[in-house]
Structure formats: C-alpha cells, structure tokens
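Report on the following structure.
The values are calculated or read from the model by the stated rules, or taken from the named source; none is laboratory data. A quick note: this is a predicted structure, and the numbers were derived from the prediction, not measured. Neighbour counts run over all protein chains shown; Cβ positions are idealised from the backbone, glycine included. Accessible surface areas use protein heavy atoms only, side chains included; no ligands, DNA or RNA. Shrake-Rupley method; radii C 1.70, N 1.55, O 1.52, S 1.80 Å.
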Amino acid sequence: MKVKVLCRNPDDYVRETTRDIQRVPRNYDPTLHPFEVPREYTRALNATKLERVFAKPFVASLDGHRDGISCITKHAKSLSTIISGACDGEVKVWNLPRQECLRTVQAHEGFVRGICSRFCGTSFFTVGDDKTIKQWNWEAPGYGVREEPINTILGKAVFTGIDHHQREGTFVTCGQTVDIWDEQRSSPIRSFSWGVDSFSCVRYNPVETELLASCASDRSVVLYDTRESAPLRKVLPFMTNEITLCFSLYTYDIRHLDVPVTVHMDHVSAVLDVDYSPTGREFVSASFDKTIRIFPKDKGHSREVYHTKRMQHVICVRWSADNKYVLSGSDEMNIRLWKANASEKLGLLSAREKAATHYNKKLIEKFQHHPQVRRIARHRHLPGDILKQKRELREMREARRRKEQNVRKHSKPGSVPLLTEKEKHVVAVVE
Amino acid sequence: MAADEEELSINEQAISASEDEEGSDDERKHKKLLEAIGSMGGRKRKKQNERSEASVQVSEYFVNAEGTGDKVNLSDLLGTVEKTSGASNKTKKQLRNLQSSKETLELPLNKQQTEKIQRGIAYEKTTAEVSCWKNIILQNQKAEQMVFPLNQESSGPKRVEQVVAGWKVQTPLEQEIFRLLHGSRQPVNDPVLTPVEEQSLKAMSLEEAKIRRAELQKARALQSYYEAKAKREKKIKSKKYHKVQNKAKRKDFLKQFDEMVKTNPEGALEELKKMELSRMEERMSLKHQNSGKWAKSKAIMAKYDDSARKAMQEQLQMNKDLTQKMVVPSDDEHESIEEGLETVPDFVNDPETVIDPVNPWMRGQLTHEEPEVSCVTAEEVQTAEEENEEEEIIGEFERKRKLRQADEEDLIPTEEEQPASEVVEEDVVEVSDKEEEEDEEEDVSEFNTLFRLMRSEKTPGEEDEEGLLSEGQIRVRSIEDLEVLDEVVEPRAIEEPSAPQTAAAEATSEPPHKKKREINLKEVLTKEAKAVRLPFLPTVVDEEERDEQISIIKEAFAGDDVISDFIKDKSRQEAAGRPAVVDLTLPGWGEWGGVGLKPPRWKRKRFRIKTAPPPPRQDQKLPDVIISEKRTASVASHQVSQLPFPFQNTAQFESSIRTPIGSTWNTQTVVKNMTKPKVVTKLGAIIEPMVKEDFIKSKTTSAGGKGAAIMLGENRRAKEGTKRSAEKHRGRRSQKRKK
C-alpha cells in the first residue's frame, strides 16, 4: 500500500538567519491582484501626502556672528567644515555636525567681501573692504598665538569677490578689474577690464578650469579665458524703460549667448546669490525677498521654497558637496542649514526603507500629472507679504501682456512680433 | 589751461595714492596742495618720473622718457649698425632700403578694433573647446542612473609603481632584468595582463565587453549541447540506428556535394581530392580486406552462421565501395561532415589571431566566420522550410474545409437567428479591432466572453459562419499565436485548429473531397483581415470553470431575457445621446397659417437646425457593452484632463500609467529596476566636479600611455627629451597667442 504524505521542504519556508525577513511565497498571477492602477494611485496619493507631511527642511541654525553674513564657503576636502564672513570683517570657521564655531578671526576692517578655499584644503583666502587679500591657514594657531594670515596682499582698490582655481595655485579677484593672481606673487599676473564697470562677483568654471565669468555693475556678465589676453564676450540683459519686473535667473549657453536657455522665475525680489548642486542637476538661489528657492537646472520654476519667520534677506547660499544640504547666510547674522530634499530621511537607511522610499518616489513621479497628486505635491506655504508681492507681480505681468496684445491688435500685422519669454530677455551681446 | 587742471588732478591723485598708508593727514595734504599750486606758476614743473609701486599696470601719466622731444632717426641707428661687425649684410641692406623708401606705413587698427578681433578669435576658440563636452552631457542626461561621485577609485591594493612615483631601477642587474621583461612585454606585476591586454581592456567599453561575453557564453553553451547530443548518439548501441544514420548522412552529403558542384566548384574539387586521398589510404591499408582478427574469426563462423557471412560480405563491399574510383564519399568523410554538422564552429575555442592590436573587439571574428556557419546550418534551414511548407499545406486544407462547411451553412440558414447573427458577426470583428486599440477594462471583457459564450450556445449554427467571416483572424491565430491570444477568441481557437490538423495530416495523403461550387475567397472575404493583438495579461479561465459560470448565470437569469433587455437599453441610450433637431419654424409667419398646414420646404430647411453629431460613442462597436459617457464629478477630480508634456498621445500615457511598478505585481528584481532612482549619491562623499582629462580622451595622452610602468634610465631620458620638446612647442603656442 502506498501512503501519500504531505512533504514540505524547509528550505522553502525557513529563513536562514533570524535577521532575514520571513519568506512569503508570492503568486504574481495578475488575476489574483486586480485593480493595479487604482491601488497604485492610492499609494501614490498617500506617498505624496506623506512626503509633504515629512517635509521639514530646516536642520539647524548657526549663530555667533555679530553682523550680517556676507559670504560662505565650503571646505574643499571636508564636508563638515564651512567658513563664513560677516559684514564686520569677522570670519568664522564652523563645524556643521556639532553646530559650533571652531575659530573666529577678525580678518578685515569693514566687510568681508569674499572667501574661497584652496583646492587642497590647507588654506583659504579672504578679501575685504580694506583692499587686502589675505591667505589664512585652515588650522587654528596654537593656544596663545595670535591669529595672523600666512600672506597678505595689498591692493589698490577694493576687492569684491574672489575664487580659486580648481587645481592650480592661481586665484582670481574682482573689483575695478578682474585680476588673476599667482599665489606666489604679490601682483596680478593678468588683469582684464572692459569699459569702466566695477565687478561684483567672479567665478571659475569648475570643469573647464580656465574659464571665468564675472558680473559687472552695468548688469552685464563677462566671460574670460585665463589663457587669452582679452575677455571673451559680454552679455547685457535687455533694458526697457519700465522698471524691470523680472526677478529671474537666466541660464545661458556659452556658445549661444544671444538667447538664454532657460529663464527661471519665481523670486519676487532681487536674487543675490546662486550655487549649483554638485550633481549639476539643480541650483539654489538666495533672494532679497527672504526666501531660498531650489530650481531644477532646466525648469522655469522652482521645485522648493524655504523660508522661516526670522530669516531676513538672504545674502549668500551654498549647496553642500555631498548634495544633501543647503547653507544660507542672511542679514540677521544666522547661518541656516537646510536639507536639499525637504522630506528626505537623514542618516543611514535600511534596505527596506530605501526600497520603500524609491518606490514612493517613483509612484509620485508616475502619477505626478494627476490633479490630486499634483495639487498636494505642489503646495507650499509662503509668508503673506511674499504671497502678496507675488500676486502683484503676476498682475503686473498680466497687464503688460494684455497691453502687448492690444498693441499687436492695433498695429500692422507682423510689426509687433510675438516673443517668447526667453526672447523677451534678449540681450545685447558685446563682442 | 585745461591741461594744467589735468596736471593738478593727477598730482592730487598721486598724493592720495601715497597717503594711503598714513591715513588722512590734513596738514600734509595742505602743504602738498600749496606746493602744487606753486609749481603751476611760470617755472618749469618738476618732472615726476618715479613709480610709486611695482605693478604690471603702468599708468601712462607716471612714465616719462628721459629724452622727450628728441626724435630718434633711422640714420642714428644706421650709423651704429654700420660700425658693428656682427650685423649681417642683409639687415644692413634692408635698413638702407628702408631709408631710401618714401612710402609711409599703413596706420595700425585702433585699439578697440584690434581688441574686438582678438576677443572674437578667443571666443571662437573657447566655444570649440567647450563643445567637446556635448556628447558627455547628452550621455549623462540620457543615463538611467547616475552614481555620484563619478570617478570612484577602485579600492584594491595597488602596485608599487602606482603608489611610489619616483621609483627607479638602479643596479645594473635590475636594469638587465627589467630590460628583459619589458623587451618581451611580459606582465611583471600581480594583475597578470600584458600591456596589449591592458590596452584592449581600455579600448573596450563595458557594454561591448558584455555583449562579447554573452556571445561567447552562448557559443560555449551551444557547443556543450551539441557535444552532449553527439555523446548521447554515440552511446546508442543499436546498429540499425547507426546504419540508418550513416545512410542519411551519406545521402545528405551527396546532395550537398551535388549542390557544391554547381555553386562552389573549387570546394567540390577539394572534396574530390579528399576522397581520392581516402581511397588511396584504403587501398594501402588492409582495413576492410577481411584480414583482421575479427574477420578471421568471422570466417570460421561463416560456414555455419548466416549473419557472419553477411557481415563479411558487407566488409568486402565496403572495401569495394571505398576503393572504387567514384564520386562516393568515404567513411572518414562522413565523419568529418557529421562533426561539422553537429558541433559548433571551432572558432569559439580558437586562440584569437590579432589583426588590430589596439582593439581586439574590432576584429569582427564572428562575422568573419559567418559564411561557413551558414553553410553548415543550411540543412536546418531547409528542414525548417519543409516544415513551413507542410504547415502551409495543412492550412490550405483547413481553409478549404471551412469554406465547404460555410457553404453548407449558407444553404441551410437558421431563420430566427439570422438578423441577430449578422449584427454579431460584424461586431465580433469590430470588437477585435477595439481590443487591439485598447486592452483595458478587463472586467468588461470578461463579461464579454461570458456573454458571447452564452450566445454561442444559444445559436450553434452561428459559430462556423463567424469562422468563415473572420478567416483572416484564423490565419493570425495560427498555432504560434494561440498562446498569446485574447481570451475573446480563445474558445473557438482552441477547438478548431486541433480537429482540422489531425484531419489535415491524413488529408495530405489523399485529395480532399471536391465541391462542385467554387467559392472565390476574394468575394466572400470583403473585409480585410485584421491581426488580433494580445492584451498584456490575458486572463485565463478554465474551460470547466467557464461552463460552470455559464450555467450559473443561466440559472440566475432563467426567467428574463437579459440579452434583449440589454440591447433595448443600449439602443435607448444611443437614441438619448443623438442630438435632436431644433425646430425654429414659426407657423403662419410669412404664409398662411392654420390647422393641418405644414411649413414650406424652404422654411423647414432654414429653420430646422441640425446640431453637429456628437463624437461616436465609445461602445459603438462593442455590442455587449454600454459605456457611460457621462462625466462623473467625483471621478473627474482624479483624472488627468490634458495630455502631459512628454507624451505624444493618450495611448502612450495610458500605457505608462497601466504598468504597475509595485512589488505586488512584479518580482523583486523588476521592482528594483523600475524604481531605480535617477541620481544616487554616496553618503558623506564629496562630489568633485568632473575632470576634463578623465572624460575627454585626447590623442596625446593615449600615445603616452603605451610606455612601460617602470621606466628605465635611458627610456626616461628619452621621454624627458620629448617632454621638453613638447614644452617648447607649448611655449611657442602661448607666444603666438600673446601676439
């Protein structure tokens, strides 16, 4: 007689270690799991809601400065260290995880206009209103030793900005002219000027390391190549007689400077500082309207806006080198640390957590066009006055558009061309 | 006077510049001012020819030449030149010519113009330089996932030379050893790769390598299969089997040979030569001469055993065959061909011959070998063709049989079902179209199947008629397509092909029963055949289950005529949806009025307004479905009203929404793949900007990369020499640029 016995292989249901999750046999037969779209939609909606619920971007505030923050720089080699310069000439070195000031230096008289870290992370440079460039050691001097710069260069005019080369011992300053300096010399190895403008900001291209760009006081952006003897090209935003209402950012292609690639508009007041994320996909901007906004590099509108009650005009902003945080320095003497992704969970995630976050992100992305999801995902709180200003601006823009339409209607067809938003900001490109 | 004022201001500037360090000192300032004023009067002013600070920028106001006003004439220069012995005659001559010539030189361009030109040139150069990033940017934008930091160093142990930069071979013994090693280009270090191999690794991208590996893997797998098969067959003890096999092979070979004679005479000649050789060998040897041990033993047995005699005779026959001067292949031949047939081309295991030393993957080994492979597999292709032919024949028989059946049905129609069936048959085609377009609403389709099945039971005669009309469909529903069919067409598809096929197999031997009436297919099948596409996930319902369900539904709706109710309901809804004609005629306006009078035609034409017909109903072509087209507000708030940007049409968007990504519906790996984030960053790692040298390979670096890891003394000197020359070159370039 044959006896039939139920036989189960323990390999199928016993987990190897107690840390493993219980094995659940799954049957992927679609008839057993109906309504996939509605179910996923619900999940997406929940994910969106949770994302908004957990969106708490503010991490910490570093206080200690006795005047408005004028500039911030990251350490080139250490994620946890930053330096900030204030309007009273004080420079502070901060430790971010401990949220404390490591070192305070009275670097300049008057404003500290710019700080930059050397690429090797051993020293940093500051420029100030007292017409000096000072090089400081990153390490604090021993106890009882006076804080003194390694090197001081006296200039003839006020320097308003400084940036260091990515790999070589040269740096660039701007003021009345854009000067390129060798670290070993006390006079600039090359200086560029174009017209009589004074420059407010200068930056090296981090990838094409020989290229520079500077902002001049006549609203123009000038490009340079350090290997050339003359500047390359100047871009001048279009000036109308009306008050320019667009507090926007423009992304240009170096090769086609006549039309901006993208116009990023959302701010309601002047933009004071911009910094790209190290991945190059987004950038953050600080504005006089007391907000920070994060823009995707190819989108016209911001994906995130940060503000707090006490934050005043934001003067400088930096994106941390690990793409996780954003630092902002503002008028009311505080440096604030924000998460770059507002709802991101900080710290190490377990594999399951990671999988869940990825799935949720994907779901939100998948259903992003559905009105409910979009509505929730897009909602942001804005302080009343900014909101009011925004509405006002919108109204003005609308009025202008209407007027343009009317003009077009009442003039000879073709005489008033229809311009896109990009073309409206047509620039005068000076060769 | 204006000039004087300018001077003053300059002086003041100088003062302020010198004063910087001390700060404002009113007294001194005043003194200086007085001095300056004093200097203005009559007397010659004191020249200021000193620079306050060493700087690159020198103001033109601060520099005074000593001998201003004295002109330097060419004759002055010439005089000294004549005296100096070193100057060549040529230059002297030129100078003299210059003196004699009266022409004036052209004015140089003004500063603004020259600067503009310079800027233009520099800009062009820079744009060209920047453009080289285009590909990388595109690649990064399209990449499914980017992992930052981009260039992660491999975290393995490194070689001494990689870590210590300035390591040099010193002793003569070491030098000798290294010369030997590097002369032969042998790998010295732990990763045992020759420079050539390393280069090849560098030259090959990851994808290429993967593809190549997959190819090789496949080939190896195939080889192993073939080997296993050959082994299996070799193990078969049955003599008869082998005999048959050999015979078949011989036949094949003969056939091939015949073909070869036609197509490839050279190859055939070679074959012939081979045969000749084998014949010679056979003649030389005593292999089949019945002189061996076995043959002798057989010879003893031959007297009594019939089979032994037979075997001996066979051997002799074999010898005869082999030694015959005829175009008959020998045994060895067969074997070789058999091998060729049954094993994978040998190139898989061959050592690779280096054609292009730089990139081994550019050799196109596989394509090289392809013609050979194809000729080997020609047999298989042929058989496949034969199979296809068979299938076609079967299909034809099937079709004919269908037609015959249809004719019979035509002759005996069922009266009451006629109109309904007409509707149905049309609709079925339409349904399939519809399904093709949108394979959503599975519940609805499920209902469809049930409904249709019920109806099909009700009207048994209908089925074949349907089959006739949708013969195009049947063709699509060939055996291969059957598994992937929509459940709508499944039931018939299952029963039909099975029966005709068995029948057709027999029918091939004898011609089918001829009908008298010929039916032209073109006339009957006025409709184009349409391919039925499958939905993603056909819901599988068992035959029995379905029957059961049908019976249940029948039982439930035993009393009432659901179908007719449904049809009525649908027609009512359709009628409601149709736009009504708006009648604006005013009776008696502009003509006689009264009871029973009709407004005239012109009036009706003018004042009866027909509104435009609404877009066709969604269920217009679905007989068994009523799709409500009313927009429900509660659902509408969850629906997308506009087609979102990147999508071209609604179908695209819908399909993107319809594919689930969750783990409820997909396996773990699929979910992992689908939910992969676009940007991954490492926790606590600094993301450095890209380094140009890593991403854009320039030709100069590749040339430098060929050198050995450890440089010998001489080598190094040579290299340095080249470097120096390169520097010189660069210097020249920069000079040019400065100009």
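Using a Gaussian network model of chain A whose springs link C-alpha atoms within less than 10 Å, name the residue from A:58, A:283, A:35 with the highest mean-square fluctuation.
A:35
Once both labels are modelled 7 Å past Cα along the beta-carbon direction, what's the residue B:617-residue A:350 spacing in nm?
Each label point lies 7 Å from its Cα, and together they span 5.5 nm.
Beyond a 30 Å Cα-Cα separation, which of these cross-linked pairs lie in this structure: B:235/B:296; B:235/B:255; A:77/A:345; B:249/B:298; A:56/A:366; B:168/B:210?
Details: B:235/B:296 27 Å; B:235/B:255 27 Å; A:77/A:345 25 Å; B:249/B:298 28 Å; A:56/A:366 24 Å; B:168/B:210 38 Å.
Long pairs (Cα-Cα over 30 Å): B:168/B:210.
Between the DSSP loop rule and a limit of at most 12 other Cβ atoms within 10 Å, which GluC sites (Glu not before Pro) in region A:1-83 are left?
A:16
Under a 10 Å cutoff between Cα atoms, tell me which one of A:197, A:12, A:298 has the largest fluctuation in the Gaussian network model of chain A.
Comparing A:197, A:12, A:298 in a Gaussian network model of chain A, the most mobile one is A:12.
Mind counting lysine pairs for me in region B:79-152? Cα separation below 23 Å, and the two need to be 8 or more apart along the chain or on different chains.
9
Take chain A, connect every pair of alpha-carbon atoms lying under 10 Å apart with a spring to form a Gaussian network, then pick out the residue of A:263, A:407, A:196 with the largest mean-square fluctuation.
Evaluated over chain A, the most mobile residue of the options is A:407.
With every atom except the alpha carbons ignored, what do you get for Rg and Dmax of chain A, in angstroms?
27.0, 109
Mind giving me the nanometre distance, one decimal, between the label points for residue B:235 and residue B:98, set 7 Å out from Cα along Cα→Cβ?
Rounded to a tenth, the inter-label distance reads 10.0 nm.
Please compute one quarter of the surface area of the Cα convex hull for region A:1-110 and express it in square nanometres. Kindly include the intermediate steps, with their values, before the conclusion.
Numbers: hull surface 61.7 nm².
Averaged projected area of region A:1-110's Cα convex hull equals 15.4 nm².
How would you rank B:111-124, B:564-577, highest first, on the average number of other Cβ atoms within 10 Å across their residues?
Result, highest mean Cβ count within 10 Å first: B:111-124, B:564-577.
Taking only Cα atoms, what is the 0 to 90° angle, nearest 10, from helix A:384-409's long axis to the longest principal axis of chain A?
So the helix axis and the longest Cα principal axis differ by about 80 degrees.
Using alpha-carbon positions, what is the distance between the centroids of region B:605-651 and region A:18-73, in Å?
Measuring centre to centre over Cα atoms gives 37 Å.
Under the definition of partner shielding as Cβ atoms of other protein chains within 10 Å of a residue Cβ, what is the mean value for peptide A:254-260?
Mean partner shielding for this stretch: 2.
I need the peptides B:85-97, A:379-391 ranked by packing, meaning the mean over residues of other C-beta atoms within 10 angstrom, with the highest value on top.
For the peptides B:85-97, A:379-391, the packing ranking is A:379-391, B:85-97.
Counting other Cβ atoms within 10 Å, keep those with at most 15, restrict to DSSP loop, and tell me which trypsin sites (Lys or Arg not before Pro) in region B:227-277 are left.
Working: sites: B:229, B:231, B:232, B:234, B:235, B:237, B:239, B:240, B:243, B:247, B:249, B:250, B:251, B:255, B:262, B:273, B:274; in loops: B:237.
Answer in residue order: B:237.
With 18 Å as the limit, write out which pairs from A:49/A:290; A:297/B:678; A:354/B:676 have Cα-Cα distances beyond it, or answer none.
A:49/A:290
Over region A:1-130, what percent of the accessible surface lies on carbon and sulfur atoms, probe 1.4 Å?
Roughly 54 percent, rounded to a whole number.
Under the classification rounded if a/c is under 1.5, otherwise prolate if a/b is larger than b/c and oblate if not, where does region B:215-255 fall, given a ≥ b ≥ c as square roots of the Cα gyration tensor eigenvalues?
Oblate is the answer for region B:215-255, as a/c is 1.5 or above yet b/c matches or exceeds a/b.
Could you work out the mean count of beta carbons from other protein chains within 10 Å of each residue's beta carbon in B:124-133?
Taking the mean over all residues of the peptide, I get 4.
Chains A and B: buried accessible surface, both sides, probe 1.4 Å, rounded to 100 Å²?
5500
Gap in Å between the Cα centre of region B:567-596 and the Cα centre of region A:115-132?
What the calculation gives is 88 Å, centre to centre.
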